[in-house]
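Below is one structure, written out as structure tokens, with a few remarks after it.
The values are calculated or read from the model by the stated rules, or taken from the named source; none is laboratory data. Please read all numbers here as calculations on a predicted model, not as lab measurements. Cβ sites come from the backbone with ideal geometry, for glycine too, and all protein chains shown count toward neighbours. Accessible surface areas use protein heavy atoms only, side chains included; no ligands, DNA or RNA. Shrake-Rupley method; radii C 1.70, N 1.55, O 1.52, S 1.80 Å.
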Amino acid sequence: MLAIFKKGLVNPPQELNCPASPQASVSPKNPEEILKGFLSDACNGFSIGFGDKALLAYAPPEPSFKAHQRLFCGVNDVYCIFWGSLNNLCTLNRQYGLSKGGNEAMFVIEAYRTLRDRGPYPAHQVLKDLEGSFGFVIYDHKAETVFTALGADDALKLFWGIAADGSVMISDNVDLVKASCRKSFAPFPPGCMYYSERGLMSFEHPMNKMKAMPRIDSEGAMCGANFMVDSYSKVNSMPRVGSEANWATWGQQA
């Protein structure tokens, strides 16, 4: 899976950006090169572009007993790439009034739309109710917002990085991210979510801020940062219920 969002649409923590030295023999790639590389290595892969704002690329997993499912879905200008599975999907579908045949990507889109339009629960509470190993990226084309999350069990891996033009890429393929972003990449932290209006936060520990820990590669050079919960630093306050503006922006003043 691959998602690329233009600079400004996603504003990652500044510690993710670690410019390569002028002596570096290989430079970061631009989105067109990254997409070309992804599709050349993918079997039955495809991509969908959204003008100069974003692109999503998907390839079904290769047949393997150990392969986690990958799903792609789009509903009313909201698109989702989902990786993994939810053990309580049937219960969640009933809770949200979805059909029994709905898959994880369909559910995640419906949950996002419910939060966006009605906001009956804080986003972190919805994510904490998901049982299983999962990672997903949602792009709301009409609202031009991005929402991504990775399950807390650390069974799956997502990576994000900065491309040559400042775009942010997200993928489960660490080799692709490393080759595309050079030193400006890092694992996406498990148990966390990123929302365009709110930034990076932990849905496991929503009252704590996140902190960046420098990463050093095998050559002894700085290489992005690992992001983790700061157990000693708290956000201000959190609304119990409310609209998209409430759950998306609380804590920004902290």
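Worth pointing out:
- When we screen Leu176, Leu115 for residues that are closer than 18 Å to Ser47 by Cβ and over 14 Å from the mean Cα position of the chain (by Cα), the only hit is Leu176.
- Among the residues making up segment 82-102, a single one is assigned to a loop (DSSP other than H, G, I, E, B), at pLDDT 95 or above and either among the charged types (D, E, K, R) or open to solvent by less than 80 Å² (accessible area, probe 1.4 Å) (or both): Asn88.
- Single residue of segment 171-188 satisfying the filter (farther than 21 Å from Ser202 by Cα and hydrophobic (A, V, I, L, M, F, W, C)) that is most open to solvent (accessible area, probe 1.4 Å): Val174
- Matching residues, segment 122-161, being of a type in the set (Ser, Thr, Tyr) and closer than 18 Å to Ile109 by Cβ: Tyr139, Thr145, Thr148
For (1) open to solvent by 50 Å² or more (accessible area, probe 1.4 Å); (2) farther than 20 Å from Leu9 by Cα; (3) in contact with a Lys or Arg (Cβ under 8 Å, 6 or more places away or on another chain), each residue gets a yes or a no:
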| site | (1), (2), (3) |
| --- | --- |
| Arg113 | yes, no, no |
| Lys128 | yes, yes, no |
| Phe134 | no, yes, no |
| Glu144 | yes, no, yes |
| Asp154 | yes, yes, no |
| Trp160 | no, no, no |
| Asp165 | yes, no, yes |
| Met169 | no, no, no |
